[in-house]
Structure formats: C-alpha cells, structure tokens
Amino acid sequence: MTSYSAVETQWALTALANEDFSQIHTLCDVGGGHGHLACGLLNAYPHLQATVLDLPGVVGETDQLWAPKLGLSDRCRYLGGDMFHEVPPADAYVLKSVLHDWSDDECMRILANLRRAVVGAGRVFAADFVVPGPEEPHFSKLFDIHMMLVGTGRERTAAEFAELMGAAGWRYACGTGYRTLSTVSSPRLPPLVLRFGSAWSIGSVVCTRYRKGLWRR
Ligand SMILES: C[S@@+](CC[C@H](N)C(=O)[O-])C[C@H]1O[C@@H](n2cnc3c(N)ncnc32)[C@H](O)[C@@H]1O
C-alpha cells in the first residue's frame, strides 16, 4: 500500500494546492496507513499538526511509518484505533481510498463519527474514484467489480457520493468529476475530485462544514 500511496500523495497535494489551510490547524488522516499523505500535508503546511488513525497493527509497523523517517514526528501522531468506533477531534479529516472499501451503511458510520468529533466548522477531504456515466469506459468500473469481490465496498458516482455525504450530515458543495493524469504512468486514474462545503478547485477531496445539525458555509 505504501508505495502506491506515495504516488497518490502527489496527486492529492496537487488537488489540494488551492485549498485554504490557514484555518485548519489539526488534521486527521482516517485510515491513513503509514502516513505518507499526512506527511506530505505537513510538509506543505508548516503550521499543521496531524494524526494518522489506522488499525493498531498498521500503526504498530514502526519501521514503515513515514513521520520518523521524514523528521516529522513532532507534528505527526500515530493513533491505533477503529474508525467505526471513534475518531479523534480535528479541524479537518482526510479519507483517501477509504470510502470505496465500504458499503453505504458502513461509510455512514465512519462519516457520522467524523461529524461527531469534528472541531468547529469542519471539513472532510475525501479521495476516491468518481465513476462516470454508463456509456463511458473508465477504469473505476473495473475497480468497482474488484471491490465487490473482495469485500463490501464499491466505487461511486458523484451523485452517489453526494447522497451518501448528505445522508451522513455533510454538505455537498460540488463535484468536479474525475481527470486523467498524463504525468503518471499508472492504469489507475488519480483520486476523485469532489467538493463538499467551501472552496477548492481540482482535487481529490470533499470539504464540508457542519455544526450542531445545521448546514453552515
Ligand atoms: C485502502 S487503504 C488506504 C490507506 C491510505 N488512506 C492511502 O490512501 O494510502 C485503507 C486503510 O484503512 C485502514 N482501516 C481499515 N479498517 C479500519 C478501521 N476500522 N479503522 C481505522 N482504519 C482502518 C486499513 O488498515 C488501510 O490502511
């Protein structure tokens, strides 16, 4: 996972380049693996503190964790836990290649935990494929079959993401669809570009603000 994550980190950072992180001080990468993306964000935004939440067995693989290797341990905490049970408080959350692992009901449980724990006007940055319309060939459709075979997950269209996020109490702002990335020779396209909440342009993410059951911008 780590080697592939390294490629995807650059896609995600590019996608997030126009995002305003000035009001985000704490970020939690939920299901964040060994923390490659979290470290990329820490490098890009020096005021940021990150928590990488993953299963205890994953964050216990101390020789594979990126923060100590990159000298970022003072700003990056690894937390062994279960996102279905609880996530730590943060100004913003990242879910990269996580939602597609799970059914709608399971995603709802994860997203509800984020909503419960988020600090202030929170955001969720979600990165996954966005499945295009039925007439369009797309790698995500092959991956959808793969996800069906290996577990409860699935790939989703922009409308399905919007509905899922909305049902979990997160406000959908816009979806900018998917894109190809010619500079990376991978059969897999970069993460999805969905936007929930406030501004950003191209990317792999979801921004949302939620407070006490009321939508806020
Ligand atoms: C497909 S990987 C994505 C990893 C990383 N976000 C990335 O993009 O490279 C899904 C991650 O979710 C983690 N995970 C699975 N179940 C989890 C749970 N209940 N709580 C926290 N993390 C979990 C896995 O260990 C794995 O690291």
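No lab work stands behind these numbers, since they all come straight from the coordinates. Only a predicted model underlies this, so the values are computations on that prediction, with no experimental measurement involved. Quick reminder, even Gly has a Cβ in these numbers, built from the backbone with ideal geometry, and neighbours come from all protein chains shown.
Summing Cβ point charges (Lys, Arg +1; Asp, Glu -1) relative to the Cα centre of the stretch 1-135 gives a dipole of roughly 420 debye.
Using the Cβ of Glu155 as centre and a radius below 10 Å, the other residues enclosed give a net charge of 0, where K and R count +1 and D and E count -1.
Amide H contacts under 5 Å for Tyr93: Cys28, Arg123, Val124, Phe125, restricted to partners 5 or more places along the chain or on a different chain, H placed in the peptide plane at 1.01 Å from N. Taking other Cβ atoms within 10 Å as a rough exposure proxy, Asp101, Asp74, Asp54 sort from fewest to most as Asp74, Asp101, Asp54.
Annotation: amide H-H contacts under 5 Å for Tyr78 (H modelled 1.01 Å from N, sequence separation of 5 or more, or interchain): Val52. Going from the residue with the fewest nearby Cβ atoms within 10 Å to the one with the most, Tyr78, Tyr45 rank Tyr45, Tyr78.
Residue-wise HN-Hα couplings along the stretch 100-112, as the Karplus relation 6.51 cos²θ - 1.76 cosθ + 1.60 with θ = phi - 60° gives them from phi, are 5, 6, 10, 6, 4, 4, 5, 4, 4, 5, 5, 5, 5 Hz; Gly and Pro carry x.
Cα centroids of the stretch 40-96 and the stretch 106-136: 18 Å apart.
Distance between the 7 Å Cα→Cβ label points at Asp104 and Glu86: 3.0 nm. Placing one identical point scatterer on every Cα of the stretch 1-157 and ignoring solvent, what is log10 I(q)/I(0) from the Debye formula at q = 0.17 Å⁻¹? Cα-only, vacuum Debye calculation for the stretch 1-157: -1.03. Segment Ala117..Glu160, full-extension length gain: 13.1 nm, with 0.36 nm per residue of separation and the alpha-carbon distance subtracted.
Multiplying the residue separation of Leu70 and His47 by 0.36 nm and removing their Cα-Cα distance gives an extension gain of 6.6 nm. Among His25, His47, the order by Cβ neighbours within 10 angstrom, fewest to most, reads His47, His25.
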